[in-house]
Amino acid sequence: MSKTPPEDLSRPEPVSLRQAWPFWLKLGCIGFGGPAGQIAIMHQELVERRRWISERRFLHALNYCMLLPGPEAQQLATYIGWLLHRTRGGVLAGALFVLPSLLILIALSWIYIAFGDVPAVAGVFYGIKPAVTAIVLHAAHRIGSRALKNSWLWAIAGVAFVAIFAFNVPFPLIVLGAALIGYFGGRWAPQRFSNGGHRGSEKSFGPALIDDDTPPPEHARFSLPRLLRLVLIGALLWSLPMALLTALFGWNGTFTQMGWFFTKAALLTFGGAYAVLPYVYQGAVGHYGWLTPTQMIDGLALGETTPGPLIMVVAFVGFVGAYMQPTFGPEHAFAAGALAATLVTWFTFLPSFLFILAGGPLVESTHNELKFTAPLTAITAAVVGVILNLACFFAYHVFWPNGFTGQPDVFSIVLALMAALALFYFKRGVIEVLIVCALVGLGFYLLR
């Protein structure tokens, strides 16, 4: 954190949308490190260096984004862009946060499908898979250490793990069950479900364009007609593409089902991308068969190595699913994959924009810090168990590629342990671990 600046530091000059959009594009291109890294970059740039928004208002907005399903870093960018430059600013900030990642993933997905059997590419992914297993386990630990503050929440996490691991209970039912437990538990034992939030600090970085005492601009004040108009526009932006896809490909067509499936996934991403990945696996791998378990692991690795929100792994799922079942014929498989990746990105992120643009005025009506609800606390606890199940799923397919009846892959087990040691003990970054494991895997694959 920067030191407190002199009191006579002048307030920054107003920023136009034309001046702001290069920053949002830059953020979309350098937003590595998951939501924590992306939020840290925004804090450093927007609060400390540029002073477009005060720290208290920044954290106030972040608290709201943490309450929502969806990628909180992308929603925070949308919120600040909307607060600065109305709806156009919010849409532009949120879109540029995602667009570079979408284009990069379309290219990487095509390389993966077209050249995945080339020894060099196969060797890289051979090393990446064990690293991904360690990364998911590390994510469960990281979220769990923050979320599981008492025995009640530990019990919820344990029940969620058993439900999805042993009984294959659908993820939406786990979320619903946890929410109900949190709702009633918050009434009967509120002290057990009053779990945290992002607390504002007393640090100051000087006057900001949107300061602690800056009144909400006119567009950020609640208006029922404006809210109804936004809901109508949102409904049209969802229903018109779905109607067109249904008319062209039928309700059971690949593109239509992807739109429907990822709309549901977008509403279940409480707790971040790792929380919804088991649901994506259940649907994309288990139910629809759009891709294999191995491809799912590889897709998560690609998502980790690209900027933008990790939930952008859905673009890989869409691309591979449509490429392998080319609706437009084998000669246009890339076009089908690129279209599917774009469609699933649209349906995944549309709710995030609507949540911010519709709920923002309600949030701006008070500058008091929002509290996490008891249902959200219980859902976050359940998410820890679900992510742990995902780590077990990845470990099984990486360590025993031919099932428990076959020989274990000793190299993958050792490499995963090394990756876990780097993450847990030496506190190395995800990108660094992935790169090293990829190089080790490549060398072993070529020399064996």
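The values are calculated or read from the model by the stated rules, or taken from the named source; none is laboratory data. All values reported here derive from a predicted model rather than from experimental measurement. Glycine gets a Cβ as well: all are built from the backbone with ideal geometry, and neighbour counts include every protein chain shown. Protein only, heavy atoms only, side chains kept; ligands, DNA and RNA dropped before computing areas. Shrake-Rupley method; radii C 1.70, N 1.55, O 1.52, S 1.80 Å.
Let me confirm something: among PHE349, PHE404, which residue is open to solvent by 60 Å² or more (accessible area, probe 1.4 Å) and among the aromatic types (Phe, Trp, Tyr)? Lay out the reasoning, then the answer.
On the way: PHE349 fails: open to solvent by 60 Å² or more (accessible area, probe 1.4 Å).
Just a single option satisfies the conditions, and that option is PHE404.
Would you mind stating whether THR327 is open to solvent by 10 Å² or more (accessible area, probe 1.4 Å) and modelled with pLDDT of 95 or more? It is false that THR327 is open to solvent by 10 Å² or more (accessible area, probe 1.4 Å) and modelled with pLDDT of 95 or more.
Pairs linking a residue in the range 226-250 that is touching a residue at least 40 places away in the same chain (Cβ under 8 Å) and on the phi < 0 side of the Ramachandran plot to a residue that is open to solvent by 80 Å² or more (accessible area, probe 1.4 Å) and assigned to a helix (DSSP H, G or I), with Cβ atoms under 8 Å and 6 or more positions apart or on different chains, are PRO241/TRP346. Here the range 281-310 is the region considered, the condition is being farther than 22 Å from GLY28 by Cβ, modelled with pLDDT under 90 and of a type in the set (Val, Ile, Thr), and the residue that is most open to solvent (accessible area, probe 1.4 Å) is THR294. Looking at the range 227-345, the helices (runs of 4 or more DSSP H) lying wholly inside it that each contain 1 or more residues that are more than 29 Å from ILE41 (Cβ to Cβ) and of a type in the set (Val, Ile, Thr) sit at 254-266, 293-304, 313-324.
Residue check: is PRO375 over 23 Å from the mean Cα position of the chain (by Cα) and open to solvent by 20 Å² or more (accessible area, probe 1.4 Å)? Spelling it out, it is not the case that PRO375 is over 23 Å from the mean Cα position of the chain (by Cα) and open to solvent by 20 Å² or more (accessible area, probe 1.4 Å).
Within the range 259-280, can you find the residues that are modelled with pLDDT of 85 or more and either closer than 21 Å to ILE297 by Cβ or open to solvent by less than 10 Å² (accessible area, probe 1.4 Å) (or both)?
Once the filter is applied, which keeps residues that are modelled with pLDDT of 85 or more and either closer than 21 Å to ILE297 by Cβ or open to solvent by less than 10 Å² (accessible area, probe 1.4 Å) (or both), the range 259-280 yields GLY259, PHE261, PHE262, ALA265, ALA266, VAL280.
Can you tell me which of LEU46, LEU84 is among the hydrophobic types (A, V, I, L, M, F, W, C), buried (at least 21 other Cβ atoms within 10 Å of the Cβ) and touching a strand residue (DSSP E or B) at 6+ places or on another chain (Cβ under 6 Å)? Steps first, please.
Numbers: LEU84 fails: touching a strand residue (DSSP E or B) at 6+ places or on another chain (Cβ under 6 Å).
Going through LEU46, LEU84 in turn, the sole match is LEU46.
Kindly indicate whether any position in the range 178-195 is closer than 30 Å to VAL47 by Cβ, basic (Lys, Arg) and either open to solvent by 30 Å² or more (accessible area, probe 1.4 Å) or in contact with a strand residue (DSSP E or B) (Cβ under 7 Å, 6 or more places away or on another chain) (or both). Taking every residue of the range 178-195 in turn, none turns out to be closer than 30 Å to VAL47 by Cβ, basic (Lys, Arg) and either open to solvent by 30 Å² or more (accessible area, probe 1.4 Å) or in contact with a strand residue (DSSP E or B) (Cβ under 7 Å, 6 or more places away or on another chain) (or both). If you take the residues in the range 36-65 that are among the charged types (D, E, K, R) and in contact with a Ser or Thr (Cβ under 9 Å, 6 or more places away or on another chain), which one is modelled with the lowest pLDDT? The residue in question is ARG56.
Taking the criterion of being among the aliphatic types (A, V, I, L, M) and under 18 Å from LEU447 (Cβ atoms), the residues of the range 102-123 that qualify are VAL118, ALA120, VAL121, ALA122. So, of the residues in the range 105-137 that are more than 12 Å from ASP298 (Cβ to Cβ) and surrounded by fewer than 19 Cβ atoms within 10 Å (Cβ to Cβ), which turns out to be nearest to the chain's Cα centre (by Cα)? Only one residue fits best here, namely ALA107.
So, in the range 393-448, of the ones that are without any contact (Cβ under 8 Å) to a residue 12 or more places away in the chain and hydroxyl-bearing (Ser, Thr, Tyr), which residue ends up farthest from HIS141 (Cα to Cα)? The extreme case among them is THR405. In summary, VAL313 fulfils each of the numbered conditions (1) in contact (Cβ under 8 Å) with a residue 12 or more places away in the chain; (2) under 28 Å from LEU148 (Cβ atoms); (3) open to solvent by 10 Å² or more (accessible area, probe 1.4 Å) with the single exception of condition (3).
Out of all the residues in the range 141-163, which are at pLDDT below 90 and either charged (D, E, K, R) or under 25 Å from ALA189 (Cβ atoms) (or both)? Steps first, answer last, please.
Let us first name the residues in the range 141-163 that are at pLDDT below 90, namely 141-149.
Answer for the range 141-163, where residues must be at pLDDT below 90 and either charged (D, E, K, R) or under 25 Å from ALA189 (Cβ atoms) (or both): ARG142, ILE143, GLY144, SER145, ARG146, ALA147, LEU148, LYS149.
Counting only helices (runs of 4 or more DSSP H) that fall entirely inside the range 370-448 and contain at least 2 residues that are closer than 30 Å to ALA179 by Cβ, the qualifying elements are 374-399.
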